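Since the structure comes first, as structure tokens, the remarks are kept for the end.
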Amino acid sequence: MRLLVTGGAGFIGSNFVLHVLRERPAWRVWNLDKLTYAGNLENLASARGDPRHQFIKGDICDAAVVERTIADQGIEAVINFAAETHVDRSIADSEVFIRSNVLGAHVLLDVGRRRGVKRHVQVGTDEVYGSLGETGCFTEETPLAPNSPYAAAKAAADLLCRAFARTHGYGAIVTRCSNNYGPFQFPEKMLPLMIANAMHDRQLPVYGDGMNVRDWLHVEDHCAALLLALERGRPGEVYNVGGKNEWRNLDVVKLVLRRLGKPESLIRFVADRPGHDRRYAIDPSKIMAELGWAPRVAFEEGLSRTIAWYRENAAWVANVTSGAYQDYYRAMYQVDEQGRVRR
Ligand code: NAD
Ligand code: TYD
């Protein structure tokens, strides 16, 4: 298989590239990534020198680069991870979300279709379904009701996939996964941010009352689901991916503190995120029944491994959070001279 991975220097994309090189030794991977603040070639250090993996720095919105890569390399399949992914950033400024997540996704579909790509996976999110009440789960039939600019842009890409499959018979498949955690996640996201802050005795900013619920899945389980969808998913279909693992944010934060032996007094309740979705929960019955996928990593075990990874990779964290991230963090959480969050 000659596979184009886009956004393969980010959190899930880099885990997926390493997963494919491990699980499918005969495949070749071209990895197109713009290297935004969230993309980091250090994530791929273990693939350095591997002739099966070729990195290309480029933007998925640039049709010429995408066309050249797909045509020159004889790409047979595409999996698109490339996107702006942080909800809070999409609230502050949504334009780049529309460019990368909508226009970029469209360029990939359009070039892929014209160049005869056979299979195309758009890596999507459960956030397109909006917010749940106390009970129930998102199925693939749940109406789309995105609440953040990030989720709205991701929903647009999903609908383009549907349209390309229906109209052109293009082999596009959409997956919609719940919140991932694991190694290489950029520390603006909740779990690595809380781990890093707790490790350094900094305050842990919990939005609102901390009772929002997220359905956590280890990134390795997500990668396994994506590989199945890429190989065996039915074109035009949507597959929800989730581990039936719902946690309230505050309980996750307390668990992180307990694991690190830090006091709960580090928790600071801060102003809520505008439009903050209350609860996400995925019904993964379809991918389990059709493709035989099942999650393997239990949350407590996965969390311990993830905390250990962040402890052992303090240099990685320091490196990716140097420079512009510090400005983002100080402005986002209104940090004072003592390092206290005020937002
Ligand atoms: P990430 O922010 O860690 O990585 C995104 C990557 O895309 C980065 O390497 C970045 O450089 C690259 N990128 C951004 N814009 C680009 C462009 N225009 N052209 C080329 N590359 C570009 O994101 P992630 O958490 O790894 O998420 C990957 C995908 O999975 C996204 O599409 C996201 O919507 C989806 N997803 C994420 C989660 C989650 O919990 N993190 C859950 C479900 C779905
Ligand atoms: P996040 O990792 O941003 O993922 P998403 O919003 O895409 O689900 O946030 C996960 C949850 O944690 C979400 O309910 C918002 C909350 N959160 C905080 O309470 N504090 C924080 O500093 C961050 C970044 C998130």
* Go through (1) within 16 Å of ligand 1 (Cβ to nearest atom); (2) of a type in the set (Gly, Ala, Ser); (3) open to solvent by 70 Å² or more (accessible area, probe 1.4 Å) and name the single condition Ser265 misses. => (1)
* among the β-branched types (Val, Ile, Thr), at negative phi and touching a Pro at 6+ places or on another chain (Cβ under 8 Å): does that describe Val123? -> no
* Regarding Ala271, is this residue free of Cβ contacts under 8 Å to residues at least 12 places away in the same chain and of a type outside the set (Lys, Arg)? -> no
* **Within the stretch 325-342, tally of residues that are closer than 17 Å to Ser90 by Cβ and not in a helix (DSSP H, G or I)** => 0
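Here is a yes/no grid of residues against (1) within 14 Å of ligand 1 (Cβ to nearest atom); (2) modelled with pLDDT of 95 or more; (3) over 14 Å from Val5 (Cβ atoms):
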| residue | (1), (2), (3) |
| --- | --- |
| Trp27 | no, yes, no |
| Leu32 | yes, yes, no |
| Pro51 | no, yes, yes |
| Val66 | yes, yes, no |
| Asn80 | yes, yes, no |
| Ala92 | no, yes, yes |
| Phe97 | yes, yes, yes |
| Arg114 | no, yes, yes |
* Asked: Out of (1) within 16 Å of ligand 1 (Cβ to nearest atom); (2) open to solvent by less than 10 Å² (accessible area, probe 1.4 Å), what's the single condition that is false for Asn197?
  -> (1)
* Asked: Looking only at the stretch 100-141, which residues are aliphatic (A, V, I, L, M) and either open to solvent by 10 Å² or more (accessible area, probe 1.4 Å) or more than 16 Å from the chain's Cα centre (by Cα) (or both)?
  -> Val102, Leu103, Val107, Leu108, Leu109, Val111, Val117, Val123, Leu132
* Please indicate, with yes or no, whether at least one residue in the stretch 167-176 is modelled with pLDDT of 95 or more, of a type in the set (Val, Ile, Thr) and within 13 Å of ligand 1 (Cβ to nearest atom). => yes
* To do: Test His200 against the criterion of being under 30 Å from His168 (Cα atoms) and not basic (Lys, Arg), and give yes or no.
  => no
* Asked: Filter the stretch 60-84 for residues that are in a loop (DSSP other than H, G, I, E, B) and β-branched (Val, Ile, Thr); which is surrounded by the fewest Cβ atoms within 10 Å (Cβ to Cβ)?
  -> Ile75
* Structure fact -> Residue set Tyr280, Tyr328, Tyr333; condition under 30 Å from Gly130 (Cα atoms), over 21 Å from the mean Cα position of the chain (by Cα) and among the aromatic types (Phe, Trp, Tyr); output residue Tyr333
* Asked: Taking the stretch 28-55 only, how many residues are in a loop (DSSP other than H, G, I, E, B), without any contact (Cβ under 8 Å) to a residue 40 or more places away in the chain, surrounded by fewer than 20 Cβ atoms within 10 Å (Cβ to Cβ) and not acidic (Asp, Glu)?
  -> 5
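Given Ala71, Ala157, Ala105, which one is away from ligand 1 (no atom under 12 Å from the Cβ) and at pLDDT 95 or above?
Values: Ala157 fails: away from ligand 1 (no atom under 12 Å from the Cβ); Ala105 fails: away from ligand 1 (no atom under 12 Å from the Cβ).
From the options Ala71, Ala157, Ala105, the qualifying one is Ala71.
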* **the stretch 24-54, residues that are closer than 13 Å to Gly10 by Cβ and more than 16 Å from ligand 2 (Cβ to nearest atom)** => Asn31, Leu32, Asp33, Lys34, Leu35, Thr36, Gly39, Asn40, Leu41, Glu42, Asn43, Leu44
* Are there any pairs with C-beta distances below 7 angstrom linking a residue in the stretch 81-98 that is free of Cβ contacts under 8 Å to residues at least 60 places away in the same chain to a residue that is hydrophobic (A, V, I, L, M, F, W, C), with the two at least 6 apart or on different chains, and if so which? -> Phe97/Ala153; Ile98/Ala153
* To do: Would you please name the residue that is surrounded by the fewest Cβ atoms within 10 Å (Cβ to Cβ), looking only at residues in the stretch 145-174 that are more than 16 Å from ligand 2 (Cβ to nearest atom) and outside any helix (DSSP H, G or I)?
  => Gly169
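The values are calculated or read from the model by the stated rules, or taken from the named source; none is laboratory data. Bear in mind that the values here come from a model prediction, so they are computed numbers and not experimental data. Because the Cβ atoms are built from the backbone with ideal geometry, glycine has one as well, and the counts that use them run over all protein chains shown. Note: accessible area is taken over every heavy atom of the protein model, side chains too, but ligands, DNA and RNA are not part of it. Shrake-Rupley method; radii C 1.70, N 1.55, O 1.52, S 1.80 Å.
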